[in-house]
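K.L.:
My questions will all concern the structure given below.
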Amino acid sequence: MSKSASSDPDPMLTHFRQALQSFRTSKAPFRILSPIPKPLNSTSLPPNPPPKTIYILDSSFNPPTLAHARIILSALQSSTSTSIPHRVLLLLAIQNADKAPKPASFEERLAMMEIFAGDLLAKFKSSAASQPEQKEVGIDIGVTTLPYFADKYPHISPSEAYPLPETEQVHLIGYDTLVRLLDTKYYPPSHTLKPIQPFLKKHRVSVSYRADDEWGDREAQDSYLNAFKEGQREDIGGLREWVTEKRIEMVEGRKEGEDVISSTKVRKAIADGDQEALTKLVTTGVKDWILRKRLYTD
């Protein structure tokens, strides 16, 4: 966290600081703080028409990286959904809001998320110029106090921000997060997967393969899901249709040989003063903001 974050007069930080305070006071479990691009009427709600598909990336964004960008752009460019319009939701969980977040404050992360969203839209529009069939998309910056999928999804839609009851949520996660999502230890007291059955009946999960030794190769990751497909997890509430109906679907992640990008690597590059490495890890706007605000230097 930068030393003067709480007193920085930057308009973007001031906006998010005030928005966070309002959110905490409201006791609401979910709220959109900033739609991108900004609507003309200066509301914090996404513009009409309301989306029928929301691509949700839930992360600590400490900071947002090119890995986040790759996940979102891949989902948008490979989407076969005809339920338009689409929107992207960058979701920051602040359930530990009473503790000082480190190493960047929540308002600093939200500011970087907004800058990242602008960079991402520019990139998407550039790629869409050669693919006219791609539809225009907007990005929302949101916060939640809820840590688990089974708890948060009913508050995302239908909601004031996303009012249509038929809106489909597509959660963009990595294979490691999928393993946690399907781990019964997170669902007491029954310790079965029944609590997430309503979630996966209505919404979907797009899972990026993890190309590292810790999680096994692609065959091992496919095998994990095939156990559900073949009915081997029905005893704990795991349903075949999650796989057969593509409620859970594996998609291309980082390819073999591609550099690993992580928020940890970003913070190390800053600590080392390695701007060349930083350029390969975050968008131009996020890089400029980090350097200007001297984030992650403590």
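The values are calculated or read from the model by the stated rules, or taken from the named source; none is laboratory data. As the structure is a computational prediction, the values presented were derived from the model and not from experiment. So basically every Cβ, Gly included, is an ideal-geometry build from the backbone, and we count neighbours across all protein chains shown.
K.L.:
Provide a single number: the residues in the range 271-298 that are under 25 Å from Arg210 (Cβ atoms) and either touching a strand residue (DSSP E or B) at 6+ places or on another chain (Cβ under 6 Å) or part of a helix (DSSP H, G or I) (or both).
P.N.:
4
K.L.:
Of all residues being out of contact with any strand residue (DSSP E or B) (no Cβ under 7 Å at 6 or more places or on another chain) and assigned to a helix (DSSP H, G or I) in the range 58-75, which is modelled with the lowest pLDDT? Just the residue, please.
P.N.:
First, the residues of the range 58-75 that are out of contact with any strand residue (DSSP E or B) (no Cβ under 7 Å at 6 or more places or on another chain): 59-60, 62-67, 69-70, 73.
From the residues that got through so far, the ones that are assigned to a helix (DSSP H, G or I) too are 66-67, 69-70, 73.
Numbers: Leu66: 95, Ala67: 92, Ala69: 93, Arg70: 90, Leu73: 86.
That would be Leu73.
K.L.:
Exactly one of (1) out of contact with any Pro (no Cβ under 8 Å at 6 or more places or on another chain); (2) touching a residue at least 12 places away in the same chain (Cβ under 8 Å) is unmet by Asp272. Its number?
P.N.:
The one condition Asp272 does not meet is (2).
K.L.:
Which of the residues belonging to the range 152-163 are surrounded by 15 or more Cβ atoms within 10 Å (Cβ to Cβ) and either among the charged types (D, E, K, R) or in a loop (DSSP other than H, G, I, E, B) (or both)?
P.N.:
Matches in the range 152-163: Lys152, Ser157, Ser159, Ala161, Tyr162.
K.L.:
Listed residues Pro64, Pro39, Pro46, Pro29; which is of a type outside the set (Val, Ile, Thr) and closer than 30 Å to Arg210 by Cα?
P.N.:
Working: Pro39 fails: closer than 30 Å to Arg210 by Cα; Pro46 fails: closer than 30 Å to Arg210 by Cα; Pro29 fails: closer than 30 Å to Arg210 by Cα.
From the options Pro64, Pro39, Pro46, Pro29, the qualifying one is Pro64.
K.L.:
Restricting to the range 135-155, name every residue that is among the β-branched types (Val, Ile, Thr) and touching a His at 6+ places or on another chain (Cβ under 9 Å).
P.N.:
Filtering the range 135-155 for residues among the β-branched types (Val, Ile, Thr) gives 137, 139, 141, 143-145.
Matches in the range 135-155: Val137, Thr144.
K.L.:
Something else about it: On the given criteria, is Glu258 part of a helix (DSSP H, G or I) and either assigned by TED's automatic domain parsing to the domain that holds Ala67 or among the charged types (D, E, K, R) (or both)?
P.N.:
Against the criterion (part of a helix (DSSP H, G or I) and either assigned by TED's automatic domain parsing to the domain that holds Ala67 or among the charged types (D, E, K, R) (or both)), Glu258 does not qualify.
K.L.:
Any idea which residue in the range 223-260 is surrounded by the most Cβ atoms within 10 Å (Cβ to Cβ), counting only those that are within 30 Å of Lys280 (Cβ to Cβ) and modelled with pLDDT of 90 or more? I'd like the intermediate steps shown before the answer.
P.N.:
Keep residues of the range 223-260 that are within 30 Å of Lys280 (Cβ to Cβ), which gives 249-260.
Narrowing the set further to residues that are modelled with pLDDT of 90 or more leaves 249-250.
Working: Glu249: 14, Met250: 19.
Out of the qualifying residues, it is Met250.
K.L.:
May I ask you to list the residues in the range 35-57 that are closer than 16 Å to Val88 by Cα and either of a type in the set (Val, Ile, Thr) or modelled with pLDDT of 95 or more (or both)?
P.N.:
Let us first name the residues in the range 35-57 that are closer than 16 Å to Val88 by Cα, namely 35-39, 44-57.
The answer is Ile36, Thr53, Ile54, Tyr55, Ile56, Leu57.
K.L.:
Hey, another quick one. Check whether at least one residue in the range 188-207 is more than 28 Å from Pro50 (Cβ to Cβ) and within 19 Å of the chain's Cα centre (by Cα), and report yes or no.
P.N.:
Here is the first cut: in the range 188-207, the ones more than 28 Å from Pro50 (Cβ to Cβ) are 188-194.
Checking which are within 19 Å of the chain's Cα centre (by Cα) leaves us with none.
No - not one qualifying residue is present in the range 188-207.
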